[in-house]
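Before any comments, here is the structure.
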Amino acid sequence: MQRSRLSSTQQSQLDELDDEIRSPLQFAAAQGNLCQVQQLLAQQVDPNEPPKGYYGQTALQAASCNGHFAVVEMLLVAGAEVNAPGGNNGGRPAVVVASGAGYLNIVSHLVSAGADINFPPHPYMGLTALQAAAEGGHIEILRWLLEKGADVNTPPAKNRGRTPLQAAASGGYADIVELLLHHKDDVNAPAVRYNGFTALQGAAFGGHRQIVRRLLDAGADVNAQGSHYNGYTALSGAAGCGHYEIVRMLLDAGADVSLTSGHKRWTAAQIATFRGQEAIMQIFQQIKQTEKIV
């Protein structure tokens with residue numbers, strides 16, 4: 001049950017993390033084996049053993065990610081560094097992984113122990129606590145973090161980074177989108193250069209029509225440039241995924257069919273053709289015919 005609460009990103013990272021690269025303490029913490037953790041600490045095992053490998057975690061991060069509150073408490077008492085960074089891919093401290101996994105009790109306890117809720121994201125796949133909570137759809141944690149002073153506009157990671165609004169819009173979390181707009185999250189924060197998207201692009205790509213409408217009403221730029229690498233405009237994202245009604249909505253809002261996106265520099269029509277989205281292709285064919293008549 002606990003593993004099901006992880007975001008897809010966190011789950012994939014855990015799947016890639018081979019047990020043999022964890023130390024015995026890190027493994028016991030991840031499993032929530034309180035007796036084993038206690039025995040190892042009694043043997044003077046360092047609670048701050050560094051994470052190993054690209055997706056490695058400290059013992060505190062492993063316990064926090066998997067919802068093992070008692071282990072978190074024990075490790076903190078033993079001197080675990082609450083703001084220690086994780087492995088090279090994401091580098092996420094304990095409060096970030098707990099926020100992304102949906103464990104408010106652990107988030108609160110970590111903050112009481114000195115966790116920095118505005119710890120900046122690692123350049124590669126990193127997240128702040130607020131960005132992680134938004135990505136995971138955990139509105140109670142997000143509200144709590146905002147009340148504690150979490151910065152809604154902290155710049156995202158350079159590679160695969162998302163602002164809270166971008167993460168929530170992509171995930172289809174309409175209630176979180178509304179909350180973040182109320183807290184002045186920038187509706188037009190640009191897509192990061194590598195594997196990024198704007199909030200509107202994320203919602204369009206994901207097929208979240210209600211959120212697309214809300215973002216447009218809030219002033220989202222329908223023609224914002226996508227990420228340089230693997231990027232899409234809102235129109236090309238919706239077209240490539242076959243979201244017919246969203247394509248129509250974006251065109252009505254002034255989406256430019258001539259714009260290209262990503263390192264391949266394809267138009268929305270080219271992407272729809274490549275993906276075999278016949279209904280979408282007909283829309284662009286009708287636009288082309290109309291332009292010829294005019």
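Here are the numbers:
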{"quantity": "Subset of region 72-98 [small (G, A, S) and out of contact with any His (no Cβ under 7 Å at 6 or more places or on another chain)]", "calculated": "A78, G79, A80, A84, G86, G87, A94, A98"}
{"quantity": "Verdict on I280 being out of contact with any His (no Cβ under 9 Å at 6 or more places or on another chain), crowded, with 19+ Cβ neighbours inside 10 Å and of a type in the set (V, I, T)", "calculated": "no"}
{"quantity": "Residue check, G219 under 22 Å from L181 (Cα atoms), buried (at least 19 other Cβ atoms within 10 Å of the Cβ) and not aliphatic (A, V, I, L, M)", "calculated": "no"}
{"quantity": "Qualifying residue in region 223-235 (condition: at pLDDT below 95, open to solvent by less than 40 Å² (accessible area, probe 1.4 Å), farther than 18 Å from Q131 by Cβ and of a type outside the set (V, I, T))", "calculated": "yes"}
{"quantity": "Count - residues of region 100-135 that are part of a helix (DSSP H, G or I) and surrounded by fewer than 24 Cβ atoms within 10 Å (Cβ to Cβ)", "calculated": "6"}
{"quantity": "Any chance A132 is of a type in the set (G, A, S) and touching a Ser or Thr at 6+ places or on another chain (Cβ under 6 Å)", "calculated": "yes"}
{"quantity": "Output for region 168-202, where each listed residue is touching a residue at least 40 places away in the same chain (Cβ under 8 Å) and either open to solvent by 40 Å² or more (accessible area, probe 1.4 Å) or closer than 23 Å to A272 by Cβ (or both)", "calculated": "A169, A191, G196, F197, G202"}
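The values are calculated or read from the model by the stated rules, or taken from the named source; none is laboratory data. On a predicted model such as this, the values are computed, not experimentally measured, just so you know. As a convention, Cβ positions derive from the backbone with ideal geometry for all residues, glycine included, and neighbour counts pool all protein chains shown. We work out accessible area using only protein heavy atoms, side chains counted, and drop any ligands, DNA or RNA first. Shrake-Rupley method; radii C 1.70, N 1.55, O 1.52, S 1.80 Å.
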